[in-house]
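The values are calculated or read from the model by the stated rules, or taken from the named source; none is laboratory data. Predicted model only: the values in this text are computed from it and were never measured. All Cβ positions, even for glycine, are placed from backbone atoms using ideal geometry, and neighbour counts span all protein chains on display.
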Amino acid sequence: MREERRKIVVGITGASGAIYAKRCLAWLSELAANGGVEFAVCASPTAPEVWALECGGDMREQIGERLWGVRDFKAPFASGSAGWDAMLVVPCSMGTVARIAHGISDSLLTRAADVMLKERRTLVVVLRETPLSLVHLENLTALVRAGVVVLPAMPSFYTRPESIDALVDTVVGRIMDHLEVDAPRVRRWGEKT
């Protein structure tokens with residue numbers, strides 16, 4: 001029998017947009033403290049460098065024991081039999097998109113994504129790249145055909161956000177929706193302030 005609590009893997013790559021990953025981890029941490037989710041983190045080799053540049057500080061220290069090594073295939077989410085429900089890759093580099101689209105499991109992050117695909121579980125990739133080349137679009141199309149949710153980090157403006165955090169939250173709220181976890185801070189279209 002499956003647990004009620006959602007088990008979510010968060011992959012972080014070296015693409016620009018570490019602020020989205022940091023905010024997702026903060027929301028998931030709040031949900032985990034209330035028993036709503038369990039989550040673990042894996043990262044590409046360049047993710048810590050971009051995190052330090054964009055968010056400040058050491059990503060490994062800030063995430064702590066939830067962060068698995070780049071090639072630590074003993075992580076529970078590296079196997080489909082462990083029953084993890086969903087994976088988020090935020091931000092997702094185009095190199096990672098290509099590896100996932102073509103089944104190249106050369107790191108824990110891409111192996112975990114491959115597990116989500118083969119088990120037909122939720123995989124959300126949050127790209128933060130512009131402009132997109134034909135190669136990017138073809139790889140993204142392959143992911144969509146495989147059932148992946150491609151969610152570009154495109155903030156909405158109808159809430160008239162007054163800060164960068166508020167803009168980021170419009171994207172993070174959509175991410176949480178697709179992971180099927182509560183996003184109480186999200187103002188929905190048509191809701192009054």
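Results for (1) assigned to a helix (DSSP H, G or I); (2) surrounded by 13 or more Cβ atoms within 10 Å (Cβ to Cβ); (3) at pLDDT 95 or above; (4) of a type in the set (S, T, N, Q), shown as yes or no for each residue.
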{"position": "31", "(1), (2), (3), (4)": "yes, yes, no, no"}
{"position": "35", "(1), (2), (3), (4)": "no, no, no, no"}
{"position": "38", "(1), (2), (3), (4)": "no, yes, yes, no"}
{"position": "41", "(1), (2), (3), (4)": "no, yes, yes, no"}
{"position": "52", "(1), (2), (3), (4)": "yes, yes, yes, no"}
{"position": "63", "(1), (2), (3), (4)": "yes, yes, yes, no"}
{"position": "70", "(1), (2), (3), (4)": "no, yes, yes, no"}
{"position": "73", "(1), (2), (3), (4)": "no, yes, yes, no"}
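Looking at 167, 137, can you tell me which residue is of a type in the set (A, V, I, L, M) and closer than 13 Å to residue 94 by Cα?
Values: 167 fails: closer than 13 Å to residue 94 by Cα.
Only one candidate passes the filter, namely 137.
Scan segment 24-32 and give yes if some residue there is out of contact with any helix residue (DSSP H, G or I) (no Cβ under 9 Å at 6 or more places or on another chain) and either charged (D, E, K, R) or under 14 Å from residue 84 (Cα atoms) (or both), otherwise no.
yes
Could you tell me how many of the residues in segment 117-175 are assigned to a loop (DSSP other than H, G, I, E, B), out of contact with any Asp or Glu (no Cβ under 7 Å at 6 or more places or on another chain) and free of Cβ contacts under 8 Å to residues at least 40 places away in the same chain? Give the derivation first.
Narrowing segment 117-175 to residues assigned to a loop (DSSP other than H, G, I, E, B): 119-121, 128-133, 146-148, 151-163.
In the following step, the residues that additionally are out of contact with any Asp or Glu (no Cβ under 7 Å at 6 or more places or on another chain) were identified as 119-120, 128-133, 146-148, 151-163.
Within this subset, residues satisfying the condition of being free of Cβ contacts under 8 Å to residues at least 40 places away in the same chain are 119-120, 130-133, 147, 151-152, 154-163.
Result for segment 117-175: 19.
If I ask for residues that are part of a helix (DSSP H, G or I) and buried (at least 19 other Cβ atoms within 10 Å of the Cβ), which ones from segment 75-93 would you list?
Here is the first cut: in segment 75-93, the ones part of a helix (DSSP H, G or I) are 76-78, 80-82.
Matches in segment 75-93: 77, 78.
Going through 175, 164 one at a time, which residue ends up being among the hydrophobic types (A, V, I, L, M, F, W, C), touching a strand residue (DSSP E or B) at 6+ places or on another chain (Cβ under 7 Å) and under 22 Å from residue 29 (Cα atoms)? Write out each step before concluding.
Working: 164 fails: touching a strand residue (DSSP E or B) at 6+ places or on another chain (Cβ under 7 Å).
Checking each option against the conditions leaves just 175.
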